[in-house]
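K.L.:
Got a structure here, written out as structure tokens. Questions coming.
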Amino acid sequence: MRTYFIAGNWKMHKTASEAVALASELVKELKDGPHKYMIAPSFTALDAVSKVVKGTNILLGAQNMSTDESGAHTGEVSVLQLKDLGVQVVILGHSERRHTYKEDDAMINRKVKLALSHGLEVILCVGELLEEREAGKAEKVCEDQTRLGLAGVSAADLKKITIAYEPVWAIGTGKTATPEDADAIHAFIRKIIADMYGKAAADEIVIQYGGSMKAENAQALLAKENIDGGLIGGAALKADTFKPIALCK
Ligand code: PGA
């Protein structure tokens, strides 16, 4: 049995004090929640939010990380700095990083391996653009991003990986993949994992859906066999909109 993993990606929203206020509300609201939880504030709020979630059932996530441990990398944030603040999970390969900031699979794979080598959990995001879906390439794009993102990751380390399927055309647009379409890609990604690591690993890996997930559609998405949680952007910015997803059965 896989445990649902419900994660909030706060993107470039909230000052440190706003982030602390939301994290404090969520700690109260989700303390008896049945699922695994994570919130990922901006780097600037990690220190403050870390103190709020410490010792609770909410993991602290970061939204990105440098390919390198330290050195001359102006504007980057190192795995050592994240660990120092109590970060437990890092989101890598988000489509906004891939498409706006031109991160490629090789770069994302370096980050994945570096994060794992320091004991962090990773949410590896994969997903196709609208034109790729319309050209019938959704599966191929997800397969390549999965295989290249996980290249060189051991079976033991795979246990620290969550995959988030986020069709780019559904992110922040209000358009959601239908539960059936999403489940089909999730099943396909699970097949790729089976090919890479065997059936037991494929049965175990948690695959989140992301892209305009909200209270109104969460239940139908999570009811699908291969959808094991959500990576939530817009609806994660308020307790009122995150809580119904986080407590969804
Ligand atoms: P959204 O973002 O829920 O606002 O579509 C999801 C994500 O980008 O992780």
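K.L.:
Here are some residues: LEU221, LEU231, LEU148, LEU237. Which one is touching a Phe, Trp or Tyr at 6+ places or on another chain (Cβ under 6 Å) and not small (Gly, Ala, Ser)? Steps first, please.
P.N.:
Numbers: LEU231 fails: touching a Phe, Trp or Tyr at 6+ places or on another chain (Cβ under 6 Å); LEU148 fails: touching a Phe, Trp or Tyr at 6+ places or on another chain (Cβ under 6 Å); LEU237 fails: touching a Phe, Trp or Tyr at 6+ places or on another chain (Cβ under 6 Å).
The match here is LEU221.
K.L.:
Also, quick follow-up: When you go through (1) within 16 Å of the ligand (Cβ to nearest atom); (2) within 22 Å of THR100 (Cβ to Cβ); (3) touching a helix residue (DSSP H, G or I) at 6+ places or on another chain (Cβ under 6 Å) one by one for ALA40, which number turns out not to apply?
P.N.:
So the condition that ALA40 fails would be (3).
K.L.:
Scan the stretch 90-137 for residues that are away from the ligand (no atom under 16 Å from the Cβ), surrounded by 15 or more Cβ atoms within 10 Å (Cβ to Cβ), hydrophobic (A, V, I, L, M, F, W, C) and outside any loop (DSSP other than H, G, I, E, B) and jot them down.
P.N.:
Listed by number, the residues that qualify are MET107, VAL112, LEU114, ALA115, LEU116.
K.L.:
Any idea how many residues of the stretch 228-249 are within 13 Å of the ligand (Cβ to nearest atom), out of contact with any Ser or Thr (no Cβ under 9 Å at 6 or more places or on another chain) and within 16 Å of TYR209 (Cα to Cα)? Steps first, answer last, please.
P.N.:
Here is the first cut: in the stretch 228-249, the residues within 13 Å of the ligand (Cβ to nearest atom) are 229-238, 241-242, 245.
From what's left, out of contact with any Ser or Thr (no Cβ under 9 Å at 6 or more places or on another chain): 230, 236-238, 241-242, 245.
From the residues that got through so far, the ones that are within 16 Å of TYR209 (Cα to Cα) too are 230, 236, 242, 245.
The total comes to 4.
K.L.:
Kindly list the number of the only condition in (1) without any contact (Cβ under 8 Å) to a residue 40 or more places away in the chain; (2) touching a helix residue (DSSP H, G or I) at 6+ places or on another chain (Cβ under 8 Å); (3) among the hydrophobic types (A, V, I, L, M, F, W, C); (4) surrounded by fewer than 23 Cβ atoms within 10 Å (Cβ to Cβ) that fails for MET213.
P.N.:
Failing condition for MET213: (4).
K.L.:
Under 7 Å between Cβ atoms, at least 6 apart or on separate chains: pull out the pairs that start in the stretch 1-26 with a residue that is touching a residue at least 40 places away in the same chain (Cβ under 8 Å) and in a loop (DSSP other than H, G, I, E, B) and end on any residue that is among the charged types (D, E, K, R) and surrounded by fewer than 17 Cβ atoms within 10 Å (Cβ to Cβ).
P.N.:
ARG2/GLU204
K.L.:
Which pairs turn up if I take residues in the stretch 67-81 that are assigned to a loop (DSSP other than H, G, I, E, B) and look for partners that are of a type in the set (Phe, Trp, Tyr) with beta carbon separation below 7 Å, at least 6 apart in sequence or on another chain?
P.N.:
VAL77/PHE43
Each value in this text was obtained by applying a stated rule to the coordinates, not by laboratory testing. These numbers were taken from a predicted model, which means no experiment stands behind them. Backbone-built Cβ (ideal geometry, glycine too); neighbour counts: all protein chains shown.
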